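S.K.: Below you'll find the structure I mean.
The values are calculated or read from the model by the stated rules, or taken from the named source; none is laboratory data. Computed from a prediction, not measured in an experiment: that's the story for all the values here. Here the Cβ is made from the backbone with ideal geometry for all residues, glycine too, and neighbour counts use every protein chain on show.
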Amino acid sequence: MKKFLPLVLIAILAAGLWFWWQQKDRPDGGDLVLYGNVDIRQVALAFDGSGRISEIAVQEGDAVTTGQVIARLDTRALELQAKAQAAALEAQRQNLAQLKRGPRVEEIAQAQAMLTSAEASATQAMRERDRITKLISGRSGAATQQSLDQATSEAERAAAAVDQSRAGLNLLLAGSRPEQIAAAEAEVQAAEAKLELLQYQVAQGELRAPENAVVRSRLREPGDMATPAAPVFALALTQPKWVRVYVREADLGRIKPGMTGQVATDSQPDQPFSGKVGYISSVAEFTPKSVQTEDLRTSLVYEVQLTIEDPQDQLRLGQPVTVRLPVSIAP
């Protein structure tokens, strides 16, 4: 028996070590303890158009709110173009209104007066032609064939003037053609679209924060040329934040999306944050190098993300945290 006693002690010790290994991540009655880092979405913010930067309004570390103007371009040239286009648009609108209203009463009265005058002139010319014709027929020698030809031409010219004046009056009375109004309306719409484009380009000269965020990097300065491909700021969004942890296959069945847990930092271990499991990877991968346990370096794990509530914006990108999931409680 004395010979077997050391073997029994070794077996008991091995069993104890095995049990400890299985339970080391399950303190407090089955809670699963994981270790990971805080992750934050980042935005590379650039102007939509090109131009010279005239103003940078924030510095690294400044908190910005949704819609806040944080930089501006020099848009004076675009503003002048927009002003000129607004004037051109007003002129086209007035032309369209004139076509829709038709001729004024005074214009119609003027055309009627011109027609009356042309008719009087035509009557006088015809009388002169008839008088000369009678003189020639009487063979008195008081008129010649040349004078008759001239009088006839004058009468025909006067009759043509009457037709022209009458046609002008009828055109005024008929008003504008539908095609003319439609063409004028299309010109107004094209001018409005061009003005809206210029106003949009002027508005794009202001760079606004898309969400509540913190300025991580200020990449340009006033006087620099900006393009859509050249970011001006790198922003870290304050919400949402999440923790990225890795779970071994043995514990994968113990967690599900929607489970709530506690996330604690080394600087404030007694003030944990509330978190919720939002994503569990369906593909296994090797333990990343950020997990520094040598014997687990080649183990396959699954990525899990927990969304974190951090209204006071205390968590920082890459900050190590400890996650405790009460896996004994169903989500």
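S.K.: Considering only residues that are within 57 Å of the chain's Cα centre (by Cα) and among the acidic types (Asp, Glu), look in region 148-207 and name the one that is modelled with the lowest pLDDT.
M.R.: 179
S.K.: A follow-up question, please. Any residue at all in region 88-101 that's closer than 30 Å to residue 51 by Cα, buried (at least 16 other Cβ atoms within 10 Å of the Cβ) and within 49 Å of the chain's Cα centre (by Cα)?
M.R.: Within region 88-101, one or more residues are closer than 30 Å to residue 51 by Cα, buried (at least 16 other Cβ atoms within 10 Å of the Cβ) and within 49 Å of the chain's Cα centre (by Cα).
S.K.: Turning to a different aspect of this structure: If you check residue 323 against the conditions, is it assigned to a strand (DSSP E or B), in contact with a strand residue (DSSP E or B) (Cβ under 6 Å, 6 or more places away or on another chain) and at pLDDT 85 or above?
M.R.: yes
S.K.: Taking the condition of being in a helix (DSSP H, G or I) and either touching a Pro at 6+ places or on another chain (Cβ under 6 Å) or surrounded by fewer than 17 Cβ atoms within 10 Å (Cβ to Cβ) (or both), how many residues in region 68-80 meet it?
M.R.: 4
S.K.: Further question: When only residues in region 162-203 that are touching a residue at least 40 places away in the same chain (Cβ under 8 Å) and not in a helix (DSSP H, G or I) count, which is surrounded by the fewest Cβ atoms within 10 Å (Cβ to Cβ)?
M.R.: 175
S.K.: Say whether the condition of being touching a residue at least 12 places away in the same chain (Cβ under 8 Å), closer than 15 Å to residue 307 by Cα and basic (Lys, Arg) is met by at least one residue in region 213-224.
M.R.: no
S.K.: Still on this model: Filter region 114-131 for residues that are more than 12 Å from residue 161 (Cβ to Cβ) and of a type in the set (D, E, K, R); which is surrounded by the most Cβ atoms within 10 Å (Cβ to Cβ)?
M.R.: 129
S.K.: Any idea how many residues of region 215-250 are among the charged types (D, E, K, R) and closer than 20 Å to residue 42 by Cβ?
M.R.: Number of matching residues: 5.
S.K.: Give the residue, chosen from 250, 236, 213, that is under 27 Å from residue 276 (Cα atoms) and touching a helix residue (DSSP H, G or I) at 6+ places or on another chain (Cβ under 9 Å).
M.R.: 250
S.K.: Now for a separate question. Looking only at region 228-255, filter to residues that are in contact (Cβ under 8 Å) with a residue 60 or more places away in the chain and loosely packed, with under 12 Cβ neighbours inside 10 Å; which one of those is farthest from the chain's Cα centre (by Cα)?
M.R.: 229
S.K.: Given 236, 230, which one is modelled with pLDDT of 90 or more and either assigned by the TED database to the domain that holds residue 33 or small (Gly, Ala, Ser) (or both)?
M.R.: Testing whether each residue is modelled with pLDDT of 90 or more and either assigned by the TED database to the domain that holds residue 33 or small (Gly, Ala, Ser) (or both) leaves just 230.
S.K.: Mind listing whichever residues of region 34-59 are under 30 Å from residue 305 (Cα atoms) and outside any loop (DSSP other than H, G, I, E, B)?
M.R.: Selection gives 34, 35, 36, 37, 38, 39, 40, 41, 42, 43, 44, 45.
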